[in-house]
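Participant: This is the structure, below, for whatever I ask next.
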């Protein structure tokens, strides 16, 4: 027997939800309609709909002048290498630390635990010198190696996960004579797939969004990523709201599409990523 | 690896699997942290390698120049924003955990800002907040609330609130989804039992929901406190720290890369690092006790 809440309670719920949805959608709506307007139209028509939904001038303008194509290319290279590296190195560390006992284990575990305490923003003054000494300044390698070396989210997630994979699996494979590498590759790695999915999503969002690292280490025009390209574009074009709106919209699209298709994984991913 | 004994394999695996990750972690986390500490005791400019040991001078400077520590008042806006955001997200999490038509649709909608690109979001809000052509003032005009129109970024007493709002806008949905995740793991028979005992929905929230997700709420609060201490992107991209919107991290970055006072900047970074570590330490302690 289900007791229905009184009507006014349900009504109040929906009103608050609609109000929140309005707050969320209003800024997005305003740049969405703005992106299709001409300059004069933008300043005259306020929040109205654009006259011509097929006016793509702003999009092509920001894409070319703002070098967004280059930005997407660079961030894609960084993303692919970072994600592959994170998965391979993360699962390897988890296998070594999660399945074996050895002298330095406590030290290395402690090292990764400590690293979660050190926020990346604070140490950049000194990381800067390391990057320069390694000759990585103005090099795509700088953000990639920083994402691989300074962010330890993958280690915590994989270590958490590997504990739930029964050790019997390893042992019976050993009885059959499988090598340890084979156990890693054909048992542990595939069974870590759910953690890998979580990781892919969280890392993609954080790398795609990162402004600070590329801004600091790759000021060269040829190495702009999406975030620094947009930042550089607004400098001299601050008044061109319609063109800027188009740029924002282009940049929004990839993650929105990923989100809409992978909602469920994202929801469970952020939950496990945050609480662990 | 053919016909190697498991003992040899073990050594190979441990060495091969850990060497590169450990080297990476040393290079990009521990060497920077250690050199940061060293630089903080010097008068290093950040250019070249010349530096003199100055002892605690940089730390003394931080605590004796009120404008350096004073920017934390701007960080406070982000913290208050974080508190409000936690409360709002808790409210929506409760609503959207219970049975409700369109529940999933609303979850997706409210979470949407979190997946949007962060720099693009800040710049989007520049268009929203613009005093003359910004959509917010146009909207207020359209609904007859002209008197509410403001210079959202120009008015010094409003600008930090406008900036803090952007973070709330972006992260409310994330907090909400994390709370929903925590609430879904509360066994539903607890609520049924409470209902039989005559508890109303506020009482079930107060005595069942809240105690069950206590740990997550604390985690979110500490995280938003740590996040507010590290606030950088939003005020930097929007204002470059102008109009009294500078935060501690903006100041550190400018001290190092603009004013060439890398020694002082390192000391500031160490101070921030210690503050954040204390916070996270407290959180880990609380969290551990409850588990």
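Participant: Over chain A, what relative contact order in percent results from Cα pairs under 8 Å that are six or more residues apart?
Facilitator: Relative contact order of chain A: 34 percent.
Participant: Let me ask another. Using only the alpha carbons of the range A:4-98, what is the convex hull's orientation-averaged projected area in square nanometres? If you can, show how the numbers build up before the last one.
Facilitator: On the way: hull surface 52.5 nm².
With the hull built on Cα positions only, its mean projection is 13.1 nm².
Participant: Can you give the mean number of other chain Cβ atoms that lie within 10 Å of the Cβ atoms in peptide A:18-29? Each step should come with its number before you reach the end.
Facilitator: Working: counts 2, 0, 10, 5, 0, 6, 9, 3, 5, 12, 6, 2.
Mean partner-chain Cβ count within 10 Å for A:18-29: 5.
Participant: Counting partner chain Cβ atoms within 10 Å of every residue's Cβ in A:68-75, what's the average?
Facilitator: Per residue, the average neighbour count from other chains is 0.
Participant: How do B:225-232, B:125-132 rank on mean C-beta neighbours within 10 Å, highest first?
Facilitator: Packing order, densest peptide first, comes out as B:225-232, B:125-132.
Participant: Something else now. Please give, to one decimal in nm, the separation of the simple spin-label points placed at residue A:100 and residue B:206, each 7 Å out from Cα toward the Cβ.
Facilitator: Taking the simple label geometry, residue A:100 and residue B:206 are separated by 5.7 nm.
Participant: Quick one: helix A:68-99 against the long Cα principal axis of chain A, what's the angle to the nearest 10°, folded into 0 to 90?
Facilitator: 20
Participant: Once every DSSP H run of n ≥ 4 in the protein assembly as shown is given -39500 (n - 2.57) and the sum is divided by its residues, what mean residue ellipticity at 222 nm do you get, rounded to the nearest 500 deg cm²/dmol?
Facilitator: When only DSSP H runs of four or more count, the value is -23000 deg cm²/dmol.
Participant: Turning to a different aspect of this structure: Please rank A:183, A:88, fewest neighbouring Cβ atoms within 10 Å first, as an exposure proxy.
Facilitator: By the 10 Å Cβ count, ascending: A:88, A:183.
Participant: Sticking with this one: Could you estimate the translational diffusion coefficient of the range B:178-250 from the Stokes-Einstein equation, with Rh from the Kirkwood formula over C-alpha pairs, at 20 °C and 1.002 mPa s, in whole µm²/s?
Facilitator: Approximately 142 µm²/s, per Stokes-Einstein.
Participant: Using Cα atoms only, what is the angle between the long axis of helix A:193-209 and the major principal axis of chain A, expressed in degrees (0 to 90) to the nearest 10?
Facilitator: 40
Participant: Hey, got the Cα dimensions of the protein assembly as shown along the principal axes, in Å, largest first?
Facilitator: Between the extreme Cα coordinates on each principal axis of the protein assembly as shown lie 80, 75, 52 Å.
Participant: For a protection proxy built on the mean count of beta-carbon atoms within 10 angstrom, sort B:202-211, A:91-100 highest first, please.
Facilitator: Working: B:202-211: 14.3, A:91-100: 22.3.
Ranking the peptides B:202-211, A:91-100 by packing returns A:91-100, B:202-211.
Participant: For chain B, what relative contact order do you get, as a whole percent, if you take Cα pairs closer than 8 Å and at least 6 residues apart?
Facilitator: Normalised by residue count, the contact order of chain B is 29 percent.
Participant: Taking only the alpha-carbon positions of the range B:72-225 and ignoring solvent, what does the Debye formula give for the base-10 log of I(q)/I(0) at q = 0.09, 0.12, 0.14, 0.20 Å⁻¹?
Facilitator: For the range B:72-225 at q = 0.09, 0.12, 0.14, 0.20 Å⁻¹, log10 I(q)/I(0) is -0.39, -0.65, -0.82, -1.23.
Participant: At q = 0.28 Å⁻¹, work out log10 I(q)/I(0) for the range B:228-279 with the Debye formula, treating every Cα as an identical point scatterer and leaving solvent out; two decimals please.
Facilitator: Scattering profile of the range B:228-279, log10 relative to I(0): -1.06.
Participant: Given a Förster radius of 45 Å and the C-beta distance between residue A:61 and residue B:197 as r, what FRET efficiency does 1/(1 + (r/R0)^6) yield to the nearest 0.05? Can you show the working numbers first?
Facilitator: Working: r = 65 Å, r/R0 = 1.45.
The calculated FRET efficiency here is 0.10.
Participant: Can you check what the Kirkwood hydrodynamic radius comes to for the range A:68-234, Cα pairs only, in Å to one decimal?
Facilitator: Result for the range A:68-234 stands at 17.5 Å.
Participant: Partner chain Cβ atoms within 10 Å, averaged over the residues of B:214-225 - can you pull that number for me? Show your work: numbers first, answer last.
Facilitator: Details: counts 0, 1, 3, 0, 0, 2, 2, 0, 0, 1, 0, 0.
For this peptide, the per-residue mean of nearby foreign Cβ atoms is 1.
Participant: Restricting attention to the alpha-carbon atoms of the range A:194-247, what are Rg (one decimal) and Dmax (integer), both in Å?
Facilitator: According to the Cα coordinates of the range A:194-247, Rg and Dmax are 14.3, 46 Å.
Participant: Related question: Any idea what % of Cα-Cα pairs in the range A:160-276 are farther than 17 Å?
Facilitator: Every Cα pair in the range A:160-276 considered, those over 17 Å come to 70 percent.
Participant: Separate question: Using the C-alpha gyration tensor of chain B, what are the square roots of 5 times its eigenvalues, in whole angstrom, with the largest one first?
Facilitator: Here the semi-axes work out to 39, 34, 19 Å.
Participant: Relative to the longest principal Cα axis of chain A, at what angle does helix A:120-133 sit, 0 to 90 degrees, rounded to 10?
Facilitator: Taking the Cα atoms of chain A, the angle to A:120-133 is about 80 degrees.
Participant: Which of the peptides B:188-196, B:266-274 is most tightly packed, and how do the rest follow, going by the mean number of other Cβ atoms within 10 Å of each residue? Present the calculation step by step, with values, prior to reporting the outcome.
Facilitator: Working: B:188-196: 12.1, B:266-274: 23.0.
Ranking the peptides B:188-196, B:266-274 by packing returns B:266-274, B:188-196.
Participant: Next question, about the same structure. Each label point is 7 Å from the Cα along the Cα-to-Cβ direction; what then is the distance between the points at residue A:260 and residue B:26, in nm?
Facilitator: Roughly 4.9 nm, to one decimal.
All of the numbers you see were taken from the coordinates with simple rules; none came from a lab. Everything numeric in this text was worked out from a predicted model, so none of it was measured. Note that we place each Cβ from the backbone using ideal geometry, even for glycine, and neighbour counts take in every protein chain shown.
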